[in-house]
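The values are calculated or read from the model by the stated rules, or taken from the named source; none is laboratory data. Bear in mind the structure is a predicted one, so any value in this text is a computation, not a measurement. Positions of Cβ are generated from backbone atoms using ideal geometry, with glycine treated the same way; all protein chains shown enter the neighbour counts.
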């Protein structure tokens with residue numbers, strides 16, 4: 001089974017690289033919130049979330065963290081605020097295990113865009129995108145505070161991205177596998193047993209003045225367990 005999974009993952013990495021498409025760790029876990037379950041009729045096959053931010057109240061039911069978040073002109077804007085000294089964060093709460101997550105983003109004065117996946121113990125793994133690099137990591141969990149687990153870099157590659165341009169990203173998390181791709185620029189992959197768990201949130205983080213996000217879509221892979 002493990003050999004078959006690696007073959008399947010390798011094929012997915014090649015596919016993502018051909019057709020496709022984030023980070024300071026939060027210092028404190030905010031009060032846990034019960035996740036909103038995905039459609040019970042599609043527990044392992046189907047849509048997890050789809051949001052184009054065309055409605056002004058698109059993130060009204062999301063978990064708001066640090067920073068300032070606004071929805072206008074069909075996009076989500078995250079801005080870090082100086083009093084918090086922490087990347088702006090906002091999370092869509094869903095229960096899932098494996099997922100392919102797609103979105104677009106733009107540097108609009110900000111320095112780094114993140115996609116953070118979380119579980120009941122807090123931070124789990126993330127994609128970090130700066131104008132000069134793409135990185136994937138397994139995060140140190142927030143709970144317990146004295147956890148022996150450490151942040152582990154699973155992959156990193158250089159990029160050359162510009163302010164004011166839109167970029168498409170696809171991330172695949174399946175079992176122990178973690179893959180991230182910026183369309184037309186780079187694809188990286190890694191694996192870690194700690195990420196093969198049930199997950200509860202899909203979170204955007206924005207460092208600096210502003211990062212724009214749009215067209216979030218997450219689906220459970222066809223080959224998910």
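Restricting the stretch 49-76 to residues that are more than 19 Å from residue 102 (Cβ to Cβ) and part of a strand (DSSP E or B), which is modelled with the lowest pLDDT? For the stretch 49-76, the residue satisfying everything is 64. Would you check if residue 169 is outside any strand (DSSP E or B) and either crowded, with 20+ Cβ neighbours inside 10 Å or touching a strand residue (DSSP E or B) at 6+ places or on another chain (Cβ under 8 Å) (or both)? It is false that residue 169 is outside any strand (DSSP E or B) and either crowded, with 20+ Cβ neighbours inside 10 Å or touching a strand residue (DSSP E or B) at 6+ places or on another chain (Cβ under 8 Å) (or both). One residue stands out among those in the stretch 172-212 that are closer than 26 Å to residue 85 by Cβ and in a loop (DSSP other than H, G, I, E, B): the one that is modelled with the lowest pLDDT, which is 209.
Going by the conditions given, is residue 220 surrounded by 21 or more Cβ atoms within 10 Å (Cβ to Cβ) and either closer than 19 Å to residue 108 by Cα or modelled with pLDDT under 95 (or both)?
Working: surrounded by 21 or more Cβ atoms within 10 Å (Cβ to Cβ): yes; either closer than 19 Å to residue 108 by Cα or modelled with pLDDT under 95 (or both): yes.
Here the answer is yes, as residue 220 does meet what is asked.
Among the residues of the stretch 98-106, is any at pLDDT below 95, surrounded by fewer than 20 Cβ atoms within 10 Å (Cβ to Cβ) and either in contact with a strand residue (DSSP E or B) (Cβ under 7 Å, 6 or more places away or on another chain) or not in a strand (DSSP E or B) (or both)?
First, the residues of the stretch 98-106 that are at pLDDT below 95: none.
The answer is no; no qualifying residue exists.
On the basis of being surrounded by fewer than 15 Cβ atoms within 10 Å (Cβ to Cβ), touching a helix residue (DSSP H, G or I) at 6+ places or on another chain (Cβ under 8 Å) and more than 24 Å from residue 81 (Cβ to Cβ), does residue 149 make the cut? Against the criterion (surrounded by fewer than 15 Cβ atoms within 10 Å (Cβ to Cβ), touching a helix residue (DSSP H, G or I) at 6+ places or on another chain (Cβ under 8 Å) and more than 24 Å from residue 81 (Cβ to Cβ)), residue 149 qualifies.
For residue 191, the requirement of being closer than 18 Å to residue 118 by Cα and surrounded by fewer than 20 Cβ atoms within 10 Å (Cβ to Cβ) is met.
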